[in-house]
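The values are calculated or read from the model by the stated rules, or taken from the named source; none is laboratory data. Remember, predicted model here, so these are calculated numbers, not experimental data. So basically every Cβ, Gly included, is an ideal-geometry build from the backbone, and we count neighbours across all protein chains shown. We work out accessible area using only protein heavy atoms, side chains counted, and drop any ligands, DNA or RNA first. Shrake-Rupley method; radii C 1.70, N 1.55, O 1.52, S 1.80 Å.
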Amino acid sequence: MIDAKVVWVTGAGTGIGRASAVLLAPRGHRLVLSGRRSGPLEETAALARAARPDADILCAPADLARRADAESAVAAILARHARLDAVVGAAGVNVTKRMWSELSPEDMDHVLDGNLRSQMYTVAAARPAMRARRDGVFAIVSSIAGRGVGALSGPMYTTAKHGLTALSHAINVEECVNGIRACAIHPGEVDTPMLAQRPRKLSEAELATVLRPEDVAEVVRFVVETAAHVCLNEIWVTPTHNRGYIAQLGRGA
């Protein structure tokens with residue numbers, strides 16, 4: 001029997017966040033969906049309710065790179081549910097002009113805000129509610145760029161995702177005695193809108209080999225539903241046809 005939880009999904013308007021919400025709703029979890037735009041959040045809510053018509057879903061638009069927005073979202077969650085059990089941190093952005101030679105200061109801020117600052121404020125806002133119940137789990141969607149340094153992702157994205165990996169482990173270091181645990185999830189290439197921002201677009205044949213958002217959502221579900229005495233510190237999930245490995249070995253894709 002599934003222990004239904006109050007789950008706050010950030011970055012819920014598209015990609016992995018949307019797929020996670022749609023997967024979690026039919027399992028009885030009560031969802032709060034956040035993102036910067038209300039339209040995509042309502043679309044996600046409709047998809048989730050199509051899977052479970054009686055799903056308890058609250059859309060809470062927020063720019064989580066602003067501390068006040070994160071705190072307001074948690075206040076709305078507690079007003080509705082009086083508890084917060086899990087956070088799916090799926091917010092993430094990148095830019096096309098991402099290398100040092102072409103990266104603008106505005107884009108540097110955008111990538112750091114959208115990937116790292118937003119998740120830091122989310123954790124800071126959610127942690128007191130979890131501490132009060134001595135229970136809570138964070139599923140923090142980082143990236144394989146948060147575990148290795150390469151040219152493809154660009155310096156700001158790589159820096160931000162390394163920060164998310166550190167953030168996740170830092171939660172476990174300090175909060176393990178309070179029943180709170182975190183998992184840094186490291187997807188490889190996923191067919192989300194972010195792929196469209198690549199300097200070189202993937203071909204249809206290449207897209208056919210990458211992960212789907214639903215693949216990563218299954219990992220998110222596993223983390224959210226794992227027993228309270230279990231901490232999954234990190235999970236890597238990559239395509240079997242791993243273009244990174246293929247490039248390292250000098251083989252044709």
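Here are some notes:
- Those residues of region 33-51 which are open to solvent by 10 Å² or more (accessible area, probe 1.4 Å) and outside any helix (DSSP H, G or I), in sequence order: GLY35, ARG36, ARG37
- Search result, residues across region 191-216 that are closer than 18 Å to ALA90 by Cα, open to solvent by 30 Å² or more (accessible area, probe 1.4 Å) and either part of a helix (DSSP H, G or I) or among the basic types (Lys, Arg) (or both): PRO193, MET194, ALA196, GLN197, ARG212, GLU214, ASP215
- Positions within region 94-113 being open to solvent by less than 20 Å² (accessible area, probe 1.4 Å) and within 16 Å of the chain's Cα centre (by Cα), in sequence order: ASN94, VAL111
- Condition met for ALA70 (surrounded by fewer than 24 Cβ atoms within 10 Å (Cβ to Cβ) and under 23 Å from ILE180 (Cα atoms)): no
To keep it simple, each residue is scored yes or no on (1) acidic (Asp, Glu); (2) over 25 Å from VAL74 (Cβ atoms); (3) not in a helix (DSSP H, G or I).
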{"residue": "VAL88", "(1), (2), (3)": "no, no, yes"}
{"residue": "LYS97", "(1), (2), (3)": "no, yes, yes"}
{"residue": "LEU103", "(1), (2), (3)": "no, yes, yes"}
{"residue": "THR122", "(1), (2), (3)": "no, no, no"}
{"residue": "ARG127", "(1), (2), (3)": "no, no, no"}
{"residue": "VAL137", "(1), (2), (3)": "no, no, yes"}
{"residue": "ILE171", "(1), (2), (3)": "no, no, no"}
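- Considering residues of region 215-229 that are out of contact with any strand residue (DSSP E or B) (no Cβ under 6 Å at 6 or more places or on another chain) and touching a residue at least 40 places away in the same chain (Cβ under 8 Å) only, the residue farthest from VAL22 (Cα to Cα): ALA228
- Every pair of residues 6+ apart whose Cβ atoms lie under 7 Å, when the first sits in region 22-42 and is of a type in the set (S, T, N, Q) while the second is open to solvent by less than 40 Å² (accessible area, probe 1.4 Å) and not in a strand (DSSP E or B): SER34/ALA12; SER34/ALA60; SER34/ALA62; SER34/LEU64; SER34/ALA73
- Out of ARG117, ARG83, sole residue that is open to solvent by 20 Å² or more (accessible area, probe 1.4 Å), touching a residue at least 24 places away in the same chain (Cβ under 8 Å), in a helix (DSSP H, G or I) and under 25 Å from CYS183 (Cβ atoms): ARG117
- Scanning region 16-32 for residues that are buried (at least 24 other Cβ atoms within 10 Å of the Cβ) and over 18 Å from ARG117 (Cα atoms) turns up ILE16, ARG18, ALA19, SER20, ALA21, VAL22, LEU24, ALA25, HIS29, LEU31, VAL32.
- For first residues located in region 163-186 and more than 13 Å from MET130 (Cα to Cα), partners that are open to solvent by 20 Å² or more (accessible area, probe 1.4 Å) and at pLDDT below 95 and lie 6+ apart or on another chain with Cβ distances below 7 Å form the pairs THR165/ARG147; HIS186/ILE144; HIS186/ARG147.
- Considering each residue of region 132-144 in turn, at least one proves to be closer than 20 Å to ALA217 by Cβ and open to solvent by 30 Å² or more (accessible area, probe 1.4 Å).
- Boolean, SER153 is buried (at least 21 other Cβ atoms within 10 Å of the Cβ) and either out of contact with any Asp or Glu (no Cβ under 8 Å at 6 or more places or on another chain) or outside any helix (DSSP H, G or I) (or both): yes
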